[in-house]
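Colleague: What follows is a single structure, and I will ask about it in a moment.
The values are calculated or read from the model by the stated rules, or taken from the named source; none is laboratory data. Since we're looking at a predicted model, the values are computed, not measured. We place every Cβ from the backbone using ideal geometry, glycine too, and count neighbours over all the protein chains shown. The accessibility values were calculated without ligands, DNA or RNA, using every heavy atom of the protein model including side chains. Shrake-Rupley method; radii C 1.70, N 1.55, O 1.52, S 1.80 Å.
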Amino acid sequence: MATLEEIQQPIADKVRRYETFITEILHSDSGYVSSICNYILANRGKQMRPLLVLLSAALHGEIGTRSYLGASLVEMLHTASLIHDDVVDEAFVRRGAPSVNALWRSHTAVLIGDYIFARTYHVCMEQGGDDMLSEATRSVHEMSEGELTQTELSESLRMTRELYLDIIYKKTASLLAACGAIGAISVNATPEQIKAMRDFGTNLGIAFQIKDDILDFSPMEVTGKPAGGDMRERKITLPLLLLLDRADAARRDELLALLARCREDEAAVDALQQAVEEQGGLQE
């Protein structure tokens, strides 16, 4: 399997230029705002989304300012959504480091998320990126809709294969689809090429989220976050859904009863995790 460094290698110089570009975009005359933005920039993840934009652009043309603009747009939309997620979830750790709301309180975290979203949107508008904004904002409303649907289903403990795939498309794959399309749009690719990259991003995003749902059953030393987080939020993801689909009515009720208790009962989390592992949910 290729490493991230190997995937980046063909455009390594462009990735370095992008780092300068995104730092310039988030510059603020306010020292307070700049200090928070600098912390966020220093504690980003693997930056898969901007990398996908830049690779898509390189595949169809020459990476330039519009490509950097598109990459910064999707990365900062994603970053703002994570900051807001941490506030909603009262999460105080992000990628092994204190979250923004842990260091600056929830009120400031919400505002900095809004600032990042508005700042990148404004710069994109200023520099004629309307066509890329259309792709990005569609993914934002789909992401929000996916989260709301999952919240509703977690309250009622309902899920089907069709609903699960719809949710993970909206929550995760829609933004990766936008990444693929925006990269192609940024270098004036043809409509057919743009659609192909959007489809690629969709499939990559679905695979990515299924893998992430599997990793939720892994120990903290593997993922950097506590195992069973989805179960504590009463989310039915694919490994558990597979067990529910093949269980008889009595066993299904038993598994759902365990899930209902997961918010306040660690023993229920452990029992459900053990059932998924021992009964082949992860392997399947």
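Colleague: For the range 167-196: of the residues being under 15 Å from the mean Cα position of the chain (by Cα) and open to solvent by 20 Å² or more (accessible area, probe 1.4 Å), which is nearest to GLY229 (Cα to Cα)?
Modeller: LYS171
Colleague: Kindly indicate which of SER81, SER67, SER72, SER34 is closer than 30 Å to ARG234 by Cβ and hydroxyl-bearing (Ser, Thr, Tyr).
Modeller: Within the list SER81, SER67, SER72, SER34, the selection yields SER81.
Colleague: If you check every pair at least six apart or on different chains, which have Cβ atoms under 9 Å apart with a residue in the range 94-107 that is within 19 Å of PRO226 (Cα to Cα) first and a residue that is β-branched (Val, Ile, Thr) and open to solvent by 70 Å² or more (accessible area, probe 1.4 Å) second?
Modeller: SER99/VAL93; ALA102/VAL93
Colleague: Identify all residues within the range 266-284 that are aliphatic (A, V, I, L, M), touching a residue at least 40 places away in the same chain (Cβ under 8 Å) and open to solvent by 10 Å² or more (accessible area, probe 1.4 Å); write none if there are none. Talk me through it step by step, then tell me what you get.
Modeller: At the first step, the residues of the range 266-284 found to be aliphatic (A, V, I, L, M) are 267-269, 271-272, 275-276, 282.
After this cut, where a residue has to be touching a residue at least 40 places away in the same chain (Cβ under 8 Å) as well, the list is 269, 272, 276, 282.
Of everything in the range 266-284, just one residue is aliphatic (A, V, I, L, M), touching a residue at least 40 places away in the same chain (Cβ under 8 Å) and open to solvent by 10 Å² or more (accessible area, probe 1.4 Å), namely LEU282.
Colleague: Now, a different point. Could we say that ALA12 is surrounded by fewer than 13 Cβ atoms within 10 Å (Cβ to Cβ) and within 18 Å of ILE63 (Cα to Cα) here?
Modeller: Values: surrounded by fewer than 13 Cβ atoms within 10 Å (Cβ to Cβ): yes; within 18 Å of ILE63 (Cα to Cα): yes.
Yes; evaluated as a whole, the condition is true for this residue.
Colleague: Sticking with this structure for a sec: Between a residue in the range 159-188 that is more than 19 Å from GLY129 (Cα to Cα) and any residue that is buried (at least 22 other Cβ atoms within 10 Å of the Cβ) and of a type in the set (A, V, I, L, M, F, W, C), which pairs come within a Cβ distance under 6 Å, given they are 6 or more apart or on different chains?
Modeller: Close Cβ pairs satisfying both conditions: MET159/ILE236.
Colleague: Could you say whether any residue in the range 51-74 is farther than 23 Å from SER139 by Cβ, out of contact with any helix residue (DSSP H, G or I) (no Cβ under 9 Å at 6 or more places or on another chain) and at pLDDT below 95?
Modeller: Checked against the condition, which is being farther than 23 Å from SER139 by Cβ, out of contact with any helix residue (DSSP H, G or I) (no Cβ under 9 Å at 6 or more places or on another chain) and at pLDDT below 95, the range 51-74 yields no hits at all.
Colleague: Which of the following residues is farther than 25 Å from LEU69 by Cα, modelled with pLDDT under 95, open to solvent by 60 Å² or more (accessible area, probe 1.4 Å) and among the basic types (Lys, Arg): LYS225, LYS235?
Modeller: LYS225
Colleague: When you check ILE214 against the structure, is it in a helix (DSSP H, G or I) and over 25 Å from ALA268 (Cβ atoms), yes or no? Step through it out loud before you land on a result.
Modeller: Numbers: in a helix (DSSP H, G or I): yes; over 25 Å from ALA268 (Cβ atoms): no.
Taking the combined requirement at face value, the residue does not satisfy it.
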